[in-house]
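Here is the structure we will look at.
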Amino acid sequence: MKLGLVIDLDVCVGCHACAVSCKQWNTSGTTGPLTDYHPYGEDPSGVWFNRIRHYEVGDYPNNKTINFPMSCMHCEQADCVDVCPTGASYKRAEDGVVLIDQDKCMGCNYCSWACPYGARELDRESGTMKKCTLCIDRIYDERLDPVDRQPSCVITCPAHARHFGDFDDPDSPVSRLVRERAGYQLMPELGYHPANQYLPPRLTRPVPVEDVKGKSLIHSVRDWVNKAVVR
Amino acid sequence: MAEDVQLYQFITIFAYSEVRMSALPEFERRERQQVKATTCYMCACRCGIKVTVEDNKVRYIQGNRDHPVNKGVLCAKGNAGIMKQNSPARLNSPLMRKPGTGRGEGEFVAISMAEALDILEARLRRIRETDPLKLAYFTGRDQMQALTGFWAGQFGTLNWAAHGGFCSVNMAAGGLYTMGHAFWEFGDPDWERTKYFMMWGVADDHASNPIKIGLEKLKRNGGKFVGVNPARTGYQAIADEWVGIRPGTDAMLALSMLHVLLKHDQFDWEFLIRYTNAPYLVVHTPGEKGHGLLVRDAEGHPLVWDMEQGAPVNGRLADITPALFHEGEVGGRPVRSVMALIAEEYLDEQYAPENAGRICGVPAAQIERLALEMAHVAFRESIVIEVPEGWTDWAGRKHYQFVGRPVSMHAMRGISAHSNGFQTCRAIHFLQIMLGSIDVPGGHLAKPPYPKHIPPALKPVKDCAPNTPLKGPPLGFPTGPEDLVLDENGRPRRIDKAYSWDAPLSNHGLMHMVITNAVKGDPYRIDTLMMFMANMAWNSTMNTAQIQDMLREQDEDGEYKIPFIVISDAYHSEMVNFADLVIPDTTYLERFDTISMLDRPISEPHAACDSIRQPVINPEREVLSWQEVQLELGMRLGFPALTNKDGSRRYKDYKDFIINWEKEPGIGFLSGWRLDENGNEVHLRGRPNPQQWERYIEHGAFFEMELPENTRYYRHANRDYLAFARQAGWVGSTDQIVIELYSETQQRFKLAGQGLYDGPMPTEAHHKQRLSTYFNPLPFYYKPLEQGRVDEEAYPFYAVNQRPMFMYHSWDSQNAWLRQLCAQNFLYMNRARGEELGIQDQSWCWVESHNGRIRVQVKLMEGCQPDTVWTWNAIGKQKGSWGLSGDANESNHGFLMNHLISELLPKRGDAEDAVTNSDPITGQAAWYDLKVKIYPAAAGETGTWPTFPAIKPLPNGNRSPGVLRYQTHRAVHLKRSLEDILTRGSVHDANQGAVAEEDEA
């Protein structure tokens, strides 16, 4: 299995629901707590597994706003795993999920330097590296309803911009979405082979207008005067 | 058979070994966890949630998949409920201003709830016995207006309203006076079927999740999304087309598109004739009494010109052939049909795209194309839904199809918060109506209990007396000057001057004027100001600094001009700091509550819905929900509806009241699981059911009743629906709801302004001028009032504000997680325009209006109309409030635009200097009319200005932690085996994955 996410940039409105949902699930989850620094003071910050970047492309008035959620891509070629001196960082053989053994991590940061996607977050209180687990503590939990055995970010997304599944299965919804919507990996040129993929904005369908253009005002008025409709 | 068994066993064993191979530990402490359903209150959207609670702490909040509003999803705010529940700003007990200290100094003593209620009871009893108008009761984050309005009515004060006057009354009034429903709570786009969606102005979050769910559906279905907004933020990010309009000019854009539709003969002729007053005849005698009123027969029926009979006939009859365009004479008076007036008005060149484009800052070709695109989708891509069982129209005729025009729209604050918002809202509805897209498949759908007759048949009560309940609701819908709430001298009777000549259709009151009016004693002084969850000393008021001064203002004898201020809030807000008595509210996870159809409904277009909240957390503080407080006070004060004849309490508590109180026989706050005569559970109408709360809790804290197929569209003219709605108590009759393109109500006020009305008329010149100018039976564009009263060259920028999606309608700059997403607001402006003015990205600048100046940090961006600056509202906080520490960004770098906005119109030395800065029709606060200039601050001038002294900590306040490590149980770690570490090679090794091999091959 190759588990991962598909994120639909056509409908992501940048609302941060996924990020906060991730935060609340995972702060009591398997690598929790997700520490917050200065939560009520200056420059509040904290450990988040999922962050939404907002960009503008193009100059006014041809500008566009892009919302870009980013979390661990669960790469095939996850260099973050290779560089780990303690073996804490690993990629699960059975499903490809990249995890960090919190009891082996010494917080050396090598992995975060190796990650081109900025997905790894050092918890300065625990001294360990943390990151998206694809909600490993949800997706196999048989005490949850099957529909709830998905990452918290996917369940919560109000725009249904996030999809979870197995990319090894060509018939899975995520595989189909990638095929049908020309899904792409982020920065494939770096060779990490991220599992997560993004769907580009759909093309807007042109709406024809020629067929609703009137003939002339005089013509219209003549029609208007004679048109009878029963109430 | 034997083979089957073997196979079955094999599968079982295989599956078991699979599980063992990837066996994971139990991560949750389920034996200590409970999941309870309730309703979110992180914003006004009211989504269903399932809360997992562990040892009285919130483990997880998930959207309720079965819930009609959010269908399982949940926004950032809803997901941050844990940090709301655990906010250090929570109040721990009632507080009283320390004797001998001044108001606003922040010196409090903690008192018990019993003491607090005794103090409040005594004060209220004296007011009620003498002059109930001395109590002004206004609510901010209200989702229980039916209850607070009921309470005010029983108390007997006219001085009650919720926050709609400074929020979105223009949208509610614009809709209810036009089509009997409105945007958001009273209506929604038909997301399943719409093919073209236009969103006007800031609307990111009326409502939160439903719009997001809907936008995705629209795009999945191949629909087009057009965003009309000065800033390309929020939902505009995914708009297929962005129209970067100048703020406050939307009416011109809408009416120019209407011009295009008329010019190209693109309007829904059948819809207009059958469902609107477009064919009605209007008296055309300019300058005379009666001009502009409908021509009526002796019974008062409006007349139309019947083309078959060649004569005027009752326009409410079926099977007549009304002329849509008609000009002639009836009874010796010249008359014109409404549609003829519409064509004459909007075909005028002033509405041509070239002219509109100059005003709106939108290319003329784009205006024309957008209008035609909508026409194409409406009329060339119409939808037909077959209804096999048929639906019956208002006249009893059977139809077997619903014809749909799949164009829909949504608008909210961006339109509403201008002083021309009412007419703008009507202009947008005009477009929808011309396209025939009201309550039709793919169009804009009403949500039960809407549509109502136009306007709803409730008039505001005018009189009150000591110890006497009001005879009706304090708020209602005037249809003419005789309905205003004025004294014998024509002066306002309400403290907020609602329903006065200043703002005749102020259906939601003017909460933003209460403090100013009470302090000035205009129209009179009050004794007690009681507010629930309203931050009127900070971000919810205009002119913040001066309002704070007013709250401290004293008479010569040392008495405060507002003698007593009572605040109920769950958190330590800036307003709490100005209270004399603080009644701490529970959080939304700690109380029983109802979200009632008598109130602001949560229904879906095709389902009648209401819901409840139930406590999922035990507060462990001395707090009481405002619901309970109201019930308790009402019973102590002997409200007739809450006490028996002998004065004893009629209800045990809030829960008991909700079950047993009936508005009319069979109708109460909750419409699910009532009882019929035989004791069977029925919905909508029925007698009280002692088990009602239990039923709601069993069913996920909500009630949803799907409407039958034949009652889902054309409900304004659908007798099947109207009969159903009448039985449910939603409408008073099954008469057709005729959509009012032409508003006779508007014309009556206009005539009053012109001195041509048979009834009350204003005496002051500025009132006459305002009525005759801004009231108009057909919507039109006028410049927002502030722009006519300031030097526009001196203040060249339009300044607007909005809330980020993750805080809109929330109370959560304090929220440890949400404030990490935005702890400082900037002033955003167009990059090229900023560079022209020598303003650098992230530099500090002065922003100045007629009302003052502020220093802010600027960010340059592309997605901003060049004449517009904007910011995130309500990020800036006063130091020491909301559990934030003194160094919080919100207090040192965040800012409020409110300082620049006056609650009164800009001074020009005329009578309007003392008039509210609001829509002259509805009293809607004109937040977005602001004009400003902007220039760089001097070197070394940094940081927000003005600054305010730090609010002192409360005597029993909570400590705000420097590091937060929230979890409900110790994490159960996953461990990697040593064997795996030692035996697995690099991720680059071929044995690490098939994909890598294939790529190399």
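The values are calculated or read from the model by the stated rules, or taken from the named source; none is laboratory data. Note that the structure is a prediction, hence the values are computed from the model and not measured. When we count neighbours, we look across all protein chains shown, and the Cβ atoms used for this are built from the backbone with ideal geometry, even at glycine.
Of all residues in region A:21-33, those satisfying the criterion of being within 8 Å of chain B (Cβ to nearest Cβ) and either surrounded by fewer than 24 Cβ atoms within 10 Å (Cβ to Cβ) or in contact (Cβ under 8 Å) with a residue 24 or more places away in the chain (or both) are A:Ser21, A:Lys23, A:Gln24, A:Trp25, A:Gly29, A:Thr30, A:Thr31, A:Pro33.
In this structure, does B:Leu529 turn out to be assigned to a helix (DSSP H, G or I) and either under 26 Å from the mean Cα position of the chain (by Cα) or surrounded by 21 or more Cβ atoms within 10 Å (Cβ to Cβ) (or both)? Criteria not met by B:Leu529.
Scanning region B:37-59 for residues that are closer than 18 Å to B:Phe806 by Cα and surrounded by fewer than 24 Cβ atoms within 10 Å (Cβ to Cβ) yields a count of 1.
Filtered by the rule that a residue be more than 15 Å from B:Glu105 (Cα to Cα) and aliphatic (A, V, I, L, M), region B:526-546 gives B:Ile526, B:Leu529, B:Met530, B:Met531, B:Met533, B:Ala534, B:Met536, B:Met542. Listed by position, the helices (runs of 4 or more DSSP H) inside region B:203-321 whose residues that are without any contact (Cβ under 8 Å) to a residue 40 or more places away in the chain number at least 2 are B:208-220. Looking only at region B:559-580, residues that are under 21 Å from B:Pro99 (Cβ atoms) and in a strand (DSSP E or B) come to 5 in all.
Filtering B:Ser568, B:Ser596 for residues that are surrounded by 24 or more Cβ atoms within 10 Å (Cβ to Cβ), in contact (Cβ under 8 Å) with a residue 60 or more places away in the chain and either among the aromatic types (Phe, Trp, Tyr) or in contact with a helix residue (DSSP H, G or I) (Cβ under 8 Å, 6 or more places away or on another chain) (or both) leaves a single hit, B:Ser568. The residue of region B:367-380 that is nearest to the other protein chains (Cβ to nearest Cβ), among those that are charged (D, E, K, R) and buried (at least 16 other Cβ atoms within 10 Å of the Cβ), is B:Glu373.
When residues in region A:38-65 are screened for being part of a loop (DSSP other than H, G, I, E, B) and facing another protein chain (nearest Cβ under 9 Å), 14 of them pass. Could we say that B:Val440 is of a type in the set (A, V, I, L, M), surrounded by 23 or more Cβ atoms within 10 Å (Cβ to Cβ) and under 24 Å from the mean Cα position of the chain (by Cα) here? Judged against the criteria, B:Val440 is a match. In region B:90-106, the condition of being crowded, with 23+ Cβ neighbours inside 10 Å and within 11 Å of another protein chain (Cβ to nearest Cβ) is met by no residue.
Kindly indicate the residue of region A:66-87 that is among the hydrophobic types (A, V, I, L, M, F, W, C), closer than 15 Å to A:Lys130 by Cα and more than 7 Å from chain B (Cβ to nearest Cβ) and also farthest from the chain's Cα centre (by Cα) among those meeting that condition. The residue in question is A:Cys84.
Within region B:207-252, restricting attention to residues that are within 20 Å of B:Thr871 (Cβ to Cβ) and among the aromatic types (Phe, Trp, Tyr), which residue is surrounded by the most Cβ atoms within 10 Å (Cβ to Cβ)? Looking at the filtered set, the residue picked out is B:Tyr235.
Condition check ((1) under 20 Å from B:Met374 (Cβ atoms); (2) at pLDDT below 95; (3) touching a strand residue (DSSP E or B) at 6+ places or on another chain (Cβ under 8 Å); (4) within 11 Å of another protein chain (Cβ to nearest Cβ)) across all residues:
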site	(1), (2), (3), (4)
A:Ala182	no, no, yes, no
A:Met187	no, no, no, no
A:Pro201	no, no, no, yes
A:Val221	no, yes, no, yes
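Close Cβ contacts (under 8 Å, 6 or more residues apart or on different chains) running from residues in region B:976-990 that are more than 7 Å from chain A (Cβ to nearest Cβ) to residues that are in a helix (DSSP H, G or I) comprise B:Arg984/B:Gln992; B:Gly985/B:Asn991; B:Gly985/B:Gln992; B:Ala990/B:Ala996; B:Ala990/B:Glu997; B:Ala990/B:Glu1000.
None of B:Asp240, B:Asp319, B:Asp265 is over 19 Å from A:Ala228 (Cα atoms), within 14 Å of another protein chain (Cβ to nearest Cβ) and not β-branched (Val, Ile, Thr) except B:Asp240.
B:Arg621 meets each of the listed conditions (1) assigned to a loop (DSSP other than H, G, I, E, B); (2) in contact with a strand residue (DSSP E or B) (Cβ under 8 Å, 6 or more places away or on another chain); (3) crowded, with 21+ Cβ neighbours inside 10 Å apart from (3).
The helices (runs of 4 or more DSSP H) falling completely within region A:124-217 include none with 2 or more residues that are of a type in the set (Phe, Trp, Tyr), buried (at least 17 other Cβ atoms within 10 Å of the Cβ) and without any contact (Cβ under 8 Å) to a residue 24 or more places away in the chain.
Whenever a residue of region B:327-347 is part of a strand (DSSP E or B) and surrounded by fewer than 17 Cβ atoms within 10 Å (Cβ to Cβ), it has no partner that is modelled with pLDDT under 95 and β-branched (Val, Ile, Thr) lying with C-beta atoms less than 7 angstrom away and at least six residues away or across chains. Within region B:390-431, being among the basic types (Lys, Arg) and either surrounded by 24 or more Cβ atoms within 10 Å (Cβ to Cβ) or touching a residue at least 24 places away in the same chain (Cβ under 8 Å) (or both) holds for B:Arg397, B:Arg405, B:Arg413, B:Arg426. Checking every residue in region B:472-480 against the condition of being more than 29 Å from B:Gln736 (Cβ to Cβ) and touching a Cys at 6+ places or on another chain (Cβ under 7 Å) gives zero matches. Once region B:821-869 is narrowed to residues that are within 11 Å of chain A (Cβ to nearest Cβ), touching a residue at least 60 places away in the same chain (Cβ under 8 Å) and polar (S, T, N, Q), the residue that is surrounded by the fewest Cβ atoms within 10 Å (Cβ to Cβ) is B:Gln824.
In region B:952-970, the residues that are closer than 14 Å to A:Leu34 by Cβ reach residues that are aromatic (Phe, Trp, Tyr) with C-beta atoms within less than 7 angstrom, at least six apart or across chains, in these pairs: B:Val963/A:Tyr37. Checking every residue in region B:193-207 against the condition of being modelled with pLDDT of 95 or more and out of contact with any helix residue (DSSP H, G or I) (no Cβ under 7 Å at 6 or more places or on another chain) gives at least one match. Filter region B:93-140 down to the residues that are among the β-branched types (Val, Ile, Thr) and within 32 Å of the chain's Cα centre (by Cα) and list them by number. Scanning region B:93-140 gives B:Ile127, B:Thr139.
Select from region B:663-721 the residues that are closer than 24 Å to B:Gln145 by Cα and of a type in the set (A, V, I, L, M) and write down the one among them that is surrounded by the fewest Cβ atoms within 10 Å (Cβ to Cβ). Once the filter is applied, the top-ranked residue is B:Ile697.
Does region A:164-179 contain at least one residue that is within 12 Å of chain B (Cβ to nearest Cβ), under 19 Å from the mean Cα position of the chain (by Cα), under 22 Å from B:Cys75 (Cα atoms) and aliphatic (A, V, I, L, M)? Looking through region A:164-179, none of the residues is within 12 Å of chain B (Cβ to nearest Cβ), under 19 Å from the mean Cα position of the chain (by Cα), under 22 Å from B:Cys75 (Cα atoms) and aliphatic (A, V, I, L, M). Selection over region B:870-892 of residues that are within 14 Å of chain A (Cβ to nearest Cβ), of a type in the set (A, V, I, L, M, F, W, C) and in a loop (DSSP other than H, G, I, E, B) gives a count of 4.
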